[in-house]
Structures are given as structure tokens and as C-alpha cells.
Amino acid sequence: MFDDPDLTGVLGEYLRDRLGVSGPVDIVTPQRIAVGWSHETWLFDAVWSDGADEQSQGFCLRRDPGNALLRHESDLEEQFRVLRCLENTDVPAPRAFWYEPDPAVLGAPAIVMERVAGECPSPWRRAGREYYAAAAERGVLPASFTDALAAVHNVDWHAAGLGFLGVPGGGSDFALREIAKWQALIDDSGHRGHPILADLIGWLKHNAPPTQQLTLVHGAFRTGNVLIHDDRVSAVLDWELQVIGDPMYDVAYVLTELNREGTDLLSNVVPRELFIDRYQQATGIEIDPERCAYFQLLYAMRSAAFWMSAAGLYADGSNNDLRLARTHWSVTVALERAATELGY
């Protein structure tokens with residue numbers, strides 16, 4: 001249930017105005033989903049009458065509490081614009097109905113979007129890993145998972161109006177932009193830094209590869225960030241880190257061992273050979289192992305930045321979510337993997 005007793009009434013009035021109905025809009029089966037680190041997520045059904053028949057619609061509300069992970073990088077207005085741009089593409093993504101910037105209206109800046117059928121098992125829990133292993137055996141989800149990423153990279157991002165995300169220049173500009181972005185988050189975290197991290201950042205800058213082509217990049221494409229219904233990806237979620245950039249950035253994220261535990265299945269669900277063959281066939285993009293290896297090290301830097309920021313939020317009292325406190329240990333995990341890859 002909503003932990004804010006006034007939110008149900010506020011949402012009813014908000015939807016009544018947005019839907020343009022004269023009668024009341026009842027909010028039923030509300031629940032807050034305890035997933036995600038950057039925004040509050042609420043699911044609910046709305047019921048109203050159009051004068052002749054009763055209408056109902058499932059909705060998802062995302063609110064920005066202002067003190068969560070990626071607070072500087074995850075902008076709800078940008079997410080709303082991205083989802084609107086994706087409506088007429090092959091990317092399975094929720095329809096975004098309204099963006100509300102005024103915190104006085106819904107308690108915080110928020111997006112109201114459709115509630116998509118599906119579930120999102122955590123790949124970090126035993127039950128989630130068992131779920132994905134069973135789905136891999138059935139064979140439908142591994143193909144659908146790969147096809148969803150191919151759909152993202154096949155978007156004509158210019159025609160879709162996604163250029164507002166920023167278009168990197170030639171050469172290694174994309175990689176250097178990402179390094180600068182995560183360096184800024186590290187600097188803002190208040191963390192004292194780490195010698196391995198300093199070495200990693202220097203290596204990344206010196207070895208930044210040129211980008212061969214630009215696509216829409218999700219930025220965190222993995223199980224746990226997609227909804228699954230009937231063994232198929234019903235929606236790609238968490239449009240928080242999207243950029244126009246090198247498609248190998250997403251491919252490397254699928255390939256990395258950071259996103260699977262105790263299995264050879266990529267992202268806990270797809271066999272490596274199936275992913276590579278199906279992705280290349282669907283996109284016409286050849287997977288470059290060297291660029292992927294580079295971006296996996298960039299992800300180690302990004303992971304360290306995430307967890308330094310998260311732990312800092314807890315340490316300075318900005319956020320009392322105990323999950324953030326535990327991320328201090330995750331900084332070491334990310335840097336140990338980077339050290340191994342760098343040949344320490």
C-alpha cells in the first residue's frame with residue numbers, strides 16, 4: 001500500500017484532470033515496488049466511468065525523491081522524452097503519459113506511464129537465478145532478450161528525435177565523455193579515492209577507442225532491467241543512462257561477468273554463442289571483442305563511481321536505505337576485477 005495516505009487521493013484528482021472525466025477516478029490495488037535505486041516506483045489501477053461504461057487502466061508512477069543513487073545523472077524529464085520518442089519504434093518500452101515537474105502536485109517530480117504486464121526477477125537472488133536458468137532451458141527468453149537489445153540499436157535515433165541526448169564527436173569522444181561523466185560522480189561522492197581507480201582512469205583515457213558508428217545505447221541492458229511476460233521481454237525498463245554512443249557499450253555490459261554469478265549464461269539467461277550470432281544477424285553490427293574488453297573496464301570504473309556515490313549518500317545522512325550502506329564493499333569488488341583485467 002502507499003506509505004503516503006494522501007497520495008491515493010492526489011493521484012485520483014490528478015488523473016481525473018488528465019483524463020478529462022467529470023466523475024471520480026478511484027485508485028485501487030496500489031503498491032510500492034521495492035526495486036530500483038534511483039526512483040520510487042508505484043503500481044496501481046485507476047477506475048472511472050466515461051458516462052456509459054466503467055473504464056480501467058493500469059499505471060506506473062515514478063517519483064524522484066532527490067536523494068537517491070544517480071540523482072545527478074537520472075533525469076525524469078529526459079526519461080519521459082526518451083519514452084515518447086520510442087513509441088513508434090520496435091523497442092518494447094512503456095508508454096509515457098505525463099511528466100509532472102512540480103513537486104507540489106504529486107509530492108516530487110514524477111512520470112506517470114502505463115503498467116506493462118510482466119515480472120522482473122532479481123538476477124542477484126537465488127530465486128531469480130533459478131528463474132532465468134529455467135527460461136534459458138525453454139529457449140524463448142534468450143532470443144527475446146537478444147532481440148530487445150537489437151531493437152534498441154536498430155532505432156533510427158535521429159528520425160526518432162533522440163538527438164537531444166547529445167551526439168558525440170568523432171574518434172574517441174564518446175569514451176572520453178563517459179569517463180568524464182563518471183569522474184564527476186566520483187568527485188562529488190566525497191570518497192577519498194583509490195590508487196587502483198586512479199590507475200584505471202588513466203588507462204581508460206590513454207586507451208580510449210574510436211567509435212565506429214553511433215546508435216541509441218541503453219546503458220544498463222541486463223536481466224533485472226527488463227520486464228518478462230510469457231517468456232518474452234515485454235518492456236525494457238530503467239531509461240536512466242541512455243546515450244547516443246557506441247553499441248559495443250551495451251554489448252560489453254551483456255558480456256561482462258559482473259552481470260552473472262556462477263553461470264556461463266550471459267546476464268544469467270542467454271548462451272554466449274546464441275547472443276553473438278543472433279545480435280549480429282539482427283543488427284548487421286559485428287561485435288568487436290577489443291572494444292568490448294575496453295568498455296568492460298569502463299564499466300568497472302562506472303560501478304566504482306555508482307557505489308562510491310551510494311555509500312556517500314548513506315554516510316552523510318542523505319538517505320537511510322541500508323542497501324546503500326552495503327555498497328561500500330562493492331567498490332572493492334569492482335576495483336579488484338579491474339586490477340585483474342589490468343594485469344596486476
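Numbers for the structure displayed
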| read-out | value |
| --- | --- |
| Max mean-square fluctuation residue, GNM over the chain, Cα-Cα springs under 10 Å, options A220, A46, A93 | A46 |
| Of E87, E286, E114, the one that fluctuates the most in a GNM where the chain has Cα springs shorter than 10 Å | E286 |
| Accessible solvent surface per residue of the chain, calculated while the other protein chains remain in place, 1.4 angstrom probe, Å² | 46 |
| Nearest-ten-degree value, helix 126-138 long axis tilted from longest Cα axis of the chain | 80 |
| Residue of R129, R32, R138 that the Gaussian network model of the chain assigns the largest fluctuation, springs spanning Cα pairs under 10 Å | R138 |
| Within the accessible area of the stretch 149-291 (1.4 Å probe), percent carbon and sulfur | 47 |
| Distance from the stretch 181-211 to the stretch 256-287 (C-alpha centre basis), Å | 27 |
| With Cα atoms, 0 to 90° folded angle of helix 76-85 axis to the chain main axis | 90 |
| Stretch gain in nm, segment Q55-V10, where the contour uses 0.36 nm per residue and the Cα spacing is subtracted | 14.3 nm |
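The values are calculated or read from the model by the stated rules, or taken from the named source; none is laboratory data. Everything numeric here is computed off the predicted structure, so don't read it as measured data. In case anyone asks, the SASA skips ligands and DNA or RNA and just uses the protein heavy atoms, side chains included. Shrake-Rupley method; radii C 1.70, N 1.55, O 1.52, S 1.80 Å.
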